[in-house]
1. Counting C-alpha atoms alone, how compact is segment 86-180: give Rg to one decimal and Dmax as a whole number, in angstrom.
2. Remind me, relative contact order of segment 165-214 in percent, using alpha carbon pairs under 8 angstrom and six or more residues apart?
3. Could you work out the relative contact order of the chain? I mean the mean sequence separation of Cα pairs under 8 Å and 6+ apart, divided by the number of residues, in percent.
4. Scan the chain and report its longest stretch carrying no GluC sites (Glu not before Pro) that are both in a DSSP loop and have at most 13 other Cβ atoms within 10 Å.
5. Can you list which of the DSSP-assigned H helices in the chain have a Cα extent of 18 Å or more along the long axis and an average Kyte-Doolittle score of at least -0.5?
6. Using DSSP, restrict attention to beta bridges with both residues in the chain and report what percent are antiparallel, rounded to the nearest 5.
7. From the C-alpha gyration tensor of segment 86-125, pull out the three semi-axes of the equivalent ellipsoid (sqrt of 5λ each), sorted largest to smallest, in whole Å.
8. Which value in Å does the Kirkwood hydrodynamic radius of the chain take, with 1/r averaged over all unlike C-alpha pairs and then inverted?
Amino acid sequence: MMKQLIIISIFTSSLFAQEFQIARVQYSGGGDWYSDPSSLPNLLNYLRTNTSMVNASDEVRIKLTDNNAKQYPYLYMTGHGNIRFSENEIIELRSILNNGGFLHADDNYGMDKSFRREIKKVYPSKDFIELPHNHPIFHSFYKFENGLPKIHEHDNKPPQALAIFENQRIVILYTYESDLGDGWEDAAVHNNSEEKRDLAFKMGINIIYFALTQ
């Protein structure tokens, strides 16, 4: 037991030493990649305030073809409208993900069809797999016995955590019909209850922790 605690302590210290940034992906096609502008700053602030997991820094905004894109292994996408990747963006995204990167895409209503279409170009032979409620992502830091929480109503469908795997590692997590980003936004924007916002933040922490430790 003591050995296990020492390993956990060393691991936590190692994570804390890192400067952690979330890179929001700017994409083409007309969708509002910049939506929920207060969401990531608030999530990173929650991470700093409530955990000692990493040295959380600021949100950055990138295009997948930027020269420095590969230095950000944790990518985030959201929006309401159409998403379209160029051929170079498809190549760069695949390269980032296959070399240790992780993409969290959060459905903000309206991006589903185009997102699935573009990801099929990135990984033509792969399909999204729904994660069961007992998957480690729902128990990595906080406990979510019922899986992905429902934060904002879209089409009266259950929330789903959908994943693309590469060599048994999740490279893309797609949170569908949940809208975590709305819960991360400033309280006055969507009038979500404190309980809903807290669930959204805690699920966000779980995703970050899982991505860093899988």
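1. 13.7, 40
2. Normalised by residue count, the contact order of segment 165-214 is 33 percent.
3. 21 percent
4. The longest such stretch corresponds to 1-144.
5. The answer, listed by residue number, is 2-17, 194-213.
6. On the way: 10 of 27 bridges.
Antiparallel bridges: around 35 percent, rounded to the nearest 5.
7. 18, 13, 8
8. One over the average 1/r among Cα pairs gives 17.5 Å for the chain.
FYI, it's all coordinate maths here, none of it is from the lab. Keep in mind that what you see is a predicted model, and the values were worked out from it rather than measured. No Cβ is skipped: glycine too gets one built from the backbone with ideal geometry, and neighbour counts run over all protein chains shown.
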